[in-house]
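Below is one structure, written out as structure tokens; comments come after it.
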Amino acid sequence: MQKKDTWLLPEGISEVLPEQAAHLEKLRRKLLDTFACWGYQLVIPPFVDFLHSLLIGSGHDLDLQTFKLTDQLSGEMLGVRADMTPQVARIDAHHFQHDGPTRLCYAGTVLHTLGDPLEKSRSPMQIGAELYGHAGLESDYEVIQLMLEMLAISGLQNVHLDLGHVAIYRALAEHAGLDPQQEAELFDVLQRKARTELAELLAEFNIDARYKDVFNALPKLNGGRDVLDKAKALLTGFAGADEIAGALADLQGIADKLRRDFPALTVSFDLAELRGYHYHTGMVFAAFVPALGKEIARGGRYDNIGEVFGRARAATGFSADLKVLAGMYKVDDEAAQLVFAPFAEDADLREAIRDLRAQGVAVIQHLPEQQGGAEQQGCNAILEKHNQRWVVKSISCR
């Protein structure tokens, strides 16, 4: 039998080495501290959970991305979380029994059965924030602002924000009389922006010709603020017009606030954007940067996701992959002081080392008979005895 290389990792699974880990942890702390300043409380959902809880309201896509196993204690099916949003919704529904808004945030590794086509990673570190208990436009705008703040702290420039609203497609599909299979097929084609295939598919549907025209036009409703005017003109007079008009008004309202508060931000609209359609109920948004060929962060409104946990609540939020953010986090920090201390049975030395560490200074103490000294350990300072006192001296100044 051929011996396997024991150092190899599964495809899409990676190790994070000390320098990268320090970089990642610094950004994680910075972002979670920022979320806390906005009133978002940190929660830590379990890595493994009952499968039915992990897949609440998420549709088929998350089911395919979830590793499944059988619990040897209960016999129940468990899953390794592929997305923390359903778990955080359960925490809000079960543990926060008040009617006012609840703000929660989280950061942790998730696991996917399939890798991202671009990143190839199957173990992203998901970071995000969720706001429960408020159904107004103001809470949508708050989480968008917080997402933009997160991207700014991560050092990202030239951010492009894409806005959509799933209620438009949902209303059209309902009033066009699409059956579940037709709706699923149409959803798939719209997601791929396959216009020729879209026209061929709609030609097979036995629905009003006006709806065929509208569905064919949806992928073209993509661009600047004039998209909203075109959509209003196109969708006037259809069944469900009030719901559609409300969705367009929400998009307009968010766009106006963004233009006021973020005048340099590029904002576009895509009314055929249906990511998360199976659980999102309202506005959806995604942030892009030129250096990455996919969204850097995404979110939206998903009201009533907590209903299966016994408490339906309005909800909106966003998430991102912290590893991707850290990979683009280019802020230069001054090299931290790393002090090398000799080994000696000296009470004053032990006290000096304790004092330095208490101040947040990293100290590596020499071990008897070890190989390599201060510089081999990566230290840039050394602890030396001077006039009966232990003092720190820069290696470059010795």
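The values are calculated or read from the model by the stated rules, or taken from the named source; none is laboratory data. Since we're looking at a predicted model, the values are computed, not measured. Please note: Cβ atoms are built from the backbone with ideal geometry, for glycine as well, and neighbour counts cover all protein chains shown. Side chains included, ligands, DNA and RNA excluded: accessible areas come from the protein's heavy atoms. Shrake-Rupley method; radii C 1.70, N 1.55, O 1.52, S 1.80 Å.
Could we say that Leu64 is at pLDDT 95 or above and either among the acidic types (Asp, Glu) or surrounded by 11 or more Cβ atoms within 10 Å (Cβ to Cβ) (or both) here?
Considered against the rule, which asks whether it is at pLDDT 95 or above and either among the acidic types (Asp, Glu) or surrounded by 11 or more Cβ atoms within 10 Å (Cβ to Cβ) (or both), Leu64 comes out as no.
Go through segment 239-264 and count every residue that is more than 20 Å from Leu190 (Cβ to Cβ), outside any helix (DSSP H, G or I) and touching a residue at least 40 places away in the same chain (Cβ under 8 Å).
1
In segment 266-280, what residues are touching a Lys or Arg at 6+ places or on another chain (Cβ under 8 Å) and at pLDDT 90 or above?
Across segment 266-280, the qualifying residues are Val267, Phe269.
Just checking, how many residues over segment 120-144 are within 16 Å of the chain's Cα centre (by Cα), open to solvent by less than 20 Å² (accessible area, probe 1.4 Å) and among the hydroxyl-bearing types (Ser, Thr, Tyr)?
Count: 1.
How many residues does segment 206-247 hold that are under 16 Å from Tyr169 (Cβ atoms) and small (Gly, Ala, Ser)?
Number of matching residues: 8.
Here are some residues: Asn158, Asn222. Which one is open to solvent by 20 Å² or more (accessible area, probe 1.4 Å) and under 30 Å from Trp38 (Cβ atoms)?
When all the criteria are applied, what remains is Asn158.
Condition first: farther than 21 Å from Tyr302 by Cα and among the small types (Gly, Ala, Ser). Now tell me which residues in segment 30-59 satisfy that.
Hit for segment 30-59 is Ala36, nothing else.
Please specify each residue of segment 344-390 satisfying the condition of being hydrophobic (A, V, I, L, M, F, W, C) and more than 27 Å from Ala22 (Cα to Cα).
Ala344, Ala347, Leu349, Trp390
Failed condition for Leu178, given (1) free of Cβ contacts under 8 Å to residues at least 60 places away in the same chain; (2) surrounded by fewer than 17 Cβ atoms within 10 Å (Cβ to Cβ); (3) in a loop (DSSP other than H, G, I, E, B); (4) not small (Gly, Ala, Ser), with all others met?
So the condition that Leu178 fails would be (2).
For segment 200-213, what are the residues that are in a helix (DSSP H, G or I) and either more than 34 Å from the chain's Cα centre (by Cα) or modelled with pLDDT under 90 (or both)?
Glu200, Leu202, Ala203, Glu204, Ala209, Arg210, Tyr211, Lys212, Asp213 - these are the residues of segment 200-213 that are in a helix (DSSP H, G or I) and either more than 34 Å from the chain's Cα centre (by Cα) or modelled with pLDDT under 90 (or both).
Which numbered condition in (1) touching a residue at least 40 places away in the same chain (Cβ under 8 Å); (2) surrounded by fewer than 23 Cβ atoms within 10 Å (Cβ to Cβ); (3) closer than 13 Å to Thr85 by Cβ is the only one that Gly317 fails?
Here Gly317 meets the rest and fails (2).
I need the full set of residues from segment 281-310 which are open to solvent by 10 Å² or more (accessible area, probe 1.4 Å), more than 19 Å from Asp116 (Cα to Cα) and modelled with pLDDT under 90, in order please.
Scanning segment 281-310 gives Thr281, Asp303, Asn304, Ile305, Glu307, Val308, Phe309, Gly310.
Considering only residues that are at pLDDT below 95 and either more than 26 Å from Met150 (Cβ to Cβ) or touching a strand residue (DSSP E or B) at 6+ places or on another chain (Cβ under 8 Å) (or both), which ones fall in segment 25-46?
none
What is the one condition in (1) in contact (Cβ under 8 Å) with a residue 12 or more places away in the chain; (2) closer than 30 Å to Tyr141 by Cα; (3) not small (Gly, Ala, Ser) that Glu11 does not satisfy?
Exception for Glu11: condition (2).
Test Thr236 against the stated conditions and say whether it is open to solvent by 10 Å² or more (accessible area, probe 1.4 Å), among the β-branched types (Val, Ile, Thr), over 19 Å from Leu190 (Cα atoms) and at pLDDT below 90.
Yes; evaluated as a whole, the condition is true for this residue.
Within segment 297-329, count every residue that is more than 19 Å from the chain's Cα centre (by Cα) and not small (Gly, Ala, Ser).
Summing the residues that are more than 19 Å from the chain's Cα centre (by Cα) and not small (Gly, Ala, Ser) in segment 297-329 gives 6.
State whether the residues of segment 225-238 include one that is closer than 18 Å to Ala255 by Cβ, assigned to a helix (DSSP H, G or I) and of a type in the set (Asp, Glu).
yes
Consider segment 347-398. How many of its residues are open to solvent by 50 Å² or more (accessible area, probe 1.4 Å), aliphatic (A, V, I, L, M) and touching a residue at least 40 places away in the same chain (Cβ under 8 Å)?
Counting residues in segment 347-398 that are open to solvent by 50 Å² or more (accessible area, probe 1.4 Å), aliphatic (A, V, I, L, M) and touching a residue at least 40 places away in the same chain (Cβ under 8 Å) gives 1.
Give the residues of segment 127-148 that are modelled with pLDDT of 95 or more and small (Gly, Ala, Ser), sorted by residue number.
Gly128, Ala129, Ser139 - these are the residues of segment 127-148 that are modelled with pLDDT of 95 or more and small (Gly, Ala, Ser).
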